Amino acid sequence: MGKYMLQVSYTAEGARGLIKEGASSRITYVTDFAAGLGATVESFHFALGEHDAILILDAADDSVVAAASLAVGASGAATVRTTKLLTGAEADAAVAKVGAYRAPGT
């Protein structure tokens, strides 16, 4: 299972829907929708600022999260920015593979 951060920004239509249905209802729906795709919502927070909601998902693979992002984007109610998160062990594995790197012009 991998972890993913989804940063959600509602369109005007999405904001109207949230106002109509309520935040708790949205969390329940998204949690159930993710489960149907084989993912688990680890956390769901509404936010102030650039994004309206931040979610952390556990999913078996990238295709599960891509499907969720496509569904949300196709709805027209929100845009999603998805970031795959790495564990410390995964980051260490990447660091071990870095090797020698020369910046351009050096």
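Just so you know, all these numbers are worked out from the coordinates, no wet-lab data involved. Only a predicted model underlies this, so the values are computations on that prediction, with no experimental measurement involved. Cβ sites come from the backbone with ideal geometry, for glycine too, and all protein chains shown count toward neighbours.
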Give me the net charge for the shell around residue 21: Cβ to Cβ below 15 angstrom, other residues only, Lys and Arg +1, Asp and Glu -1. 0
Please report Rg (one decimal) and Dmax (integer) in Å for the Cα set of region 2-96. 14.0, 50
Of 45, 51, how do they rank once you tally other Cβ atoms within 10 Å and put the fewest first? 45, 51
At 222 nm, what value in deg cm²/dmol follows for the chain if DSSP H runs of at least 4 each add -39500 (n - 2.57) and the sum is divided by all its residues, to the nearest 500? -14500 deg cm²/dmol
Please work out the FRET efficiency for the pair residue 21 and residue 98, using the Cβ-Cβ distance as r and a Förster radius of 30 Å; give the result to the nearest 0.05. 0.05
Put +1 on the Cβ of each Lys and Arg and -1 on the Cβ of each Asp and Glu in the chain; which of 96, 68, 22 then has its Cα farthest toward the positive end of the dipole? 96
Taking the alpha-carbon distance from residue 20 and a cut-off under 25 Å, which lysines remain once sequence neighbours fewer than 8 residues away in the same chain are dropped? none
Cβ-based net charge around residue 77, under 14 Å, with every Lys or Arg adding one and every Asp or Glu removing one: 0
Toy charge model, Lys and Arg Cβ at +1, Asp and Glu Cβ at -1: region 2-96 dipole around Cα centroid in debye, rounded to 20, equals 300 debye
Against the longest alpha carbon principal axis of the chain, how many degrees, from 0 to 90 and to the nearest 10, is the axis of helix 88-97 turned? 40 degrees
Could you list 11, 87 in order of exposure, starting from the residue whose Cβ has the fewest other Cβ atoms within 10 Å? 87, 11
If 92, 58 are placed from fewest to most neighbouring beta carbons inside 10 Å, the sequence is 92, 58
